[in-house]
Amino acid sequence: NAMNSGNAFLTGAEAIATILSSWVIADFGSGVLHWSVDNYGNGNTPVMGGIIAAFQGHHSAPWTITEREFCNNVSKLCIPFGIPTVAAITLLAGPQHPLVSLFFAIFCALEIGSQEFHKWSHMTPKQLNPLILGVQKLGLTIGRIPHAMHHIAPYDGNYCIVSGFCNEKLDSSGFFRKLERVVYSLNGIEANAWKIDSKLK
């Protein structure tokens, strides 16, 4: 092991820290993505239209996500976060920065997996494998009760769907309301949450 002059303990500690930080940032990233597609655009929006239509339609028929096969459920997220993205980042980082490759490999895998974690959060305990239930109970993926809080109109919070770890901090700080005001100041477009509850402005 050429990393850290062959110090396996230090290399292992760095790898664990990289994986944990990637997990947290992937949760944050899933929240920003979820917030953006819930609140802006529609099915005709270039590039992101398919994802936007799926997320916005999900509020009116949330149970349908449980009927999707794995590939159908995650395929749209494979476009921005798939193997070509990880390969390009790894190539740009070069062999001297393996932790960069590790970080983005975990990050992209979790972003793709977030839609499957999301599906699990809409399923009953009887429908889920005990292993998945265990992962949810540990807080590694978003659980049924925490995610149910998002499905209350005007759908203005609890956007993170990898683990939900970031939700409380983001919502209590008003992070997404601040982002919505920035968007409105730039282009005059109101968030969909504002259209449901004008008090959010």
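The angle between the Cα long axis of helix 83-93 and the longest principal axis of the Cα atoms of the chain comes to about 50 degrees, rounded to the nearest 10.
Sequence-ordered 3J(HN,Hα) estimates for region 160-170 from the Karplus curve with 6.51, -1.76 and 1.60 and θ = phi - 60° stand at 6, 10, 7, 10, x, 4, 8, 4, 4, 5, 5 Hz, glycine and proline given as x. Give the calculated FRET efficiency between Ser60 and Thr124 to the nearest 0.05, with a Förster radius of 30 Å applied to their Cβ-Cβ distance. Given R0 = 30 Å and the Cβ-Cβ separation, E is 0.90. Remark: relative contact order (the chain) = 24 percent; criterion is Cα-Cα distance under 8 angstrom and separation of 6 or more residues.
Note on Lys126: lysines with a C-alpha under 18 Å away, same-chain residues under 8 apart excluded, are Lys137.
Accessible surface for the chain, divided over its residues, is 55 Å² per residue with a 1.4 Å probe.
The accessible area of Asp156, taken with all protein chains in place and a 1.4 Å probe, comes to roughly 50 Å².
Return one number: the angle in degrees, 0 to 90 and rounded to the nearest 10, between the long axis of the Cα atoms of helix 98-120 and the longest principal axis of the Cα atoms of the chain. Helix 98-120 and the main axis of the chain meet at about 40 degrees. Projecting the Cα atoms of Phe103, His34, Asn158 onto the dipole axis of the chain, where Lys and Arg carry +1 and Asp and Glu carry -1 at the beta carbon, places Asn158 farthest toward the positive end. Within the accessible surface of the chain, defined with a 1.4 Å probe on protein heavy atoms only, the carbon and sulfur portion equals 68 percent.
The values are calculated or read from the model by the stated rules, or taken from the named source; none is laboratory data. Being a predicted model, the structure only gives us computed values, none of them experimental. Here Cβ is always computed from backbone atoms with ideal geometry, including for glycine, and neighbour counts include all displayed protein chains. For the accessible areas, the whole protein counts, side chains as well, though only heavy atoms, and no ligand, DNA or RNA atoms are used. Shrake-Rupley method; radii C 1.70, N 1.55, O 1.52, S 1.80 Å.
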